[in-house]
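First up is the structure itself, then whatever we jot down about it.
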Amino acid sequence: MYSSELVILGNEIKPGQSVSLEMEVAKLHTRNSLRIPVIVERSKISGPTLLCMGGVHGDEMNGVAIVRDIIRKKYNKPLIGTIICIPVFNVFGYLNQQREFPDGRDLNRMFPGSKDGSLASQFAHAFTKEIAPKVDYVMDFHTGGAERFNYPNARCDLKDPKLVKLAMVFGAPFIVNSTYIPKSVRDLFHKMGTPILLFEGGKSLELDPEVVECGVQGAYNVMKHLGMQQGEPDGDSNPIVIKKSKWIRAQYSGIFETRVKNGTCVKKKSVIARISDPFGDFEKRILAPFDCYIFGLNTTSIVNKGDAIFHVSVETEND
Ligand SMILES: [Zn+2]
């Protein structure tokens with residue numbers, strides 16, 4: 001069912017081979033070229049090809065560390081099939097500790113890209129042509145944005161049973177329904193008919209060992225499920241499946257102190273935060289608008305009216 005022939009970036013990789021390839025991102029004005037390592041491990045036995053990628057957003061450290069640990073623990077050496085790891089996808093952003101490419105573009109809004117487009121678009125095009133068609137499954141590792149800590153969750157379209165199965169196997173504490181953002185990596189693979197699972201955990205510019213461990217074990221569980229590693233998946237067997245979610249926004253500006261832990265369930269009208277001024281005059285309690293799970297948290301100490309402060313479930317499968 002799976003082809004034994006695999007050619008990536010002009011290199012033929014035979015069953016049983018391990019290779020580290022380099023994909024050229026750009027030629028720099030310093031006469032150096034910028035390349036990203038693409039690590040390919042093939043079993044002698046045919047099977048699916050799985051792509052694990054991190055750092056699509058250059059400031060999302062956890063994703064990079066997850067793919068690194070997959071390699072370090074040798075989980076990327078499959079019993080069957082092929083595992084391709086790209087730990088640092090947006091190497092430009094990673095070097096600068098920025099989400100975007102140097103031209104300010106979000107790489108994750110550039111797919112399938114174009115040969116004559118912007119720098120990010122050209123890179124997206126090369127990936128779309130050279131790597132995307134060669135893979136059967138994808139795991140893309142992300143974090144929340146600046147000061148937005150995401151409790152570890154797997155994201156997928158809940159209407160797609162194949163993806164829901166992968167998300168269940170992954171075993172993160174939450175599964176969050178997520179539609180396809182146009183021109184994202186997920187959108188690209190969705191249109192190609194290739195199942196892609198997104199992992200979100202922690203926040204940008206910060207390494208969180210628990211989040212990293214959750215992502216690594218999740219990937220390992222998916223590999224076991226696909227027969228690429230030995231054993232049975234052993235992730236969270238009872239994840240909270242969030243069908244609909246929303247961000248609660250700050251109704252006031254001021255010093256922001258949360259009163260609840262991320263990842264927990266809160267009852268309607270319970271106090272979830274306090275917003276106050278520095279002078280002791282003004283203090284407002286923020287109440288949960290309904291019974292919900294909190295799976296995203298603003299970790300900043302000062303908020304402005306309208307800032308997103310809690311990402312909560314509106315409807316879960318358990319409702
Ligand atoms: Zn991201």
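Every number here is computed from the coordinates shown, using simple stated rules; none is lab data. None of these values were measured; they are calculated from a predicted model. Cβ atoms come from the backbone with ideal geometry, glycine included; neighbour counts cover every protein chain shown.
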Acute angle (nearest 10 degrees) that the helix 119-130 long axis makes with the longest principal axis of the chain, alpha-carbon atoms
50
In terms of modelled amide H atoms, which long-range or inter-chain residues lie less than 5 Å from the amide H of Val176?
Ala154, Arg155, Cys156, Ile242
Can you compute 3J(HN,Hα) from phi for each residue in segment 299-311, using the Karplus curve 6.51 cos²θ - 1.76 cosθ + 1.60 with θ = phi - 60°, rounded to whole Hz and x for Gly and Pro?
9, 6, 9, 10, 10, 9, 3, x, 5, 6, 10, 9, 9
Taking the dipole about the Cα centre of the chain, with the C-beta of Lys and Arg at +1 and of Asp and Glu at -1, give me whichever of Val212, Pro278, Cys156 is farthest to the positive side.
Cys156
Which value, in debye to the nearest 20, gives the size of the charge dipole of segment 244-316 about its Cα centre, when Lys and Arg are +1 and Asp and Glu are -1 at the Cβ?
280
Treating only the Cβ of Lys, Arg, Asp and Glu as charged (+1, +1, -1, -1), what charge dipole size does the chain show about its Cα centre? Round to the nearest 20 debye.
300
Rounded to the nearest 5, what is the percent of antiparallel bridges among the DSSP beta bridges in segment 7-238?
50
Protection proxy (average C-beta count within 10 Å per residue), highest first, orders 290-301, 262-273, 112-123 as 290-301, 112-123, 262-273
Order 36-43, 86-93, 8-15 from most to least packed using the mean count of other Cβ atoms within 10 Å.
86-93, 36-43, 8-15
Give me the compactness ratio for the chain, meaning the Cα radius of gyration over 2.2 N^0.38 Å.
1.05
Report the residue, chosen from Lys261, Lys191, Lys243, that carries the largest GNM mean-square fluctuation when the chain is represented by alpha-carbon nodes joined by springs under 10 Å.
Lys191
How large is the Rg to Rh ratio of segment 1-153 when both quantities use alpha carbon positions and Rh follows Kirkwood?
0.97
Nearest 500 deg cm²/dmol is fine: what mean residue ellipticity at 222 nm does the chain get from its DSSP H runs of n ≥ 4 alone, each adding -39,500 (n - 2.57), divided by its residue count?
-6000 deg cm²/dmol
Using Cα pairs under 8 angstrom and six or more residues apart, how large is the relative contact order of the chain, in percent?
15
Dipole of segment 7-238, positive direction: furthest Cα of Ser178, Leu28, Ser43, with charges on the beta-carbon
Ser43
Relative contact order [Cα under 8 Å, 6+ residues apart], segment 37-118, whole percent:
37
Kirkwood hydrodynamic radius, computed over distinct alpha-carbon pairs, for segment 244-316: how many Å, to one decimal?
12.2
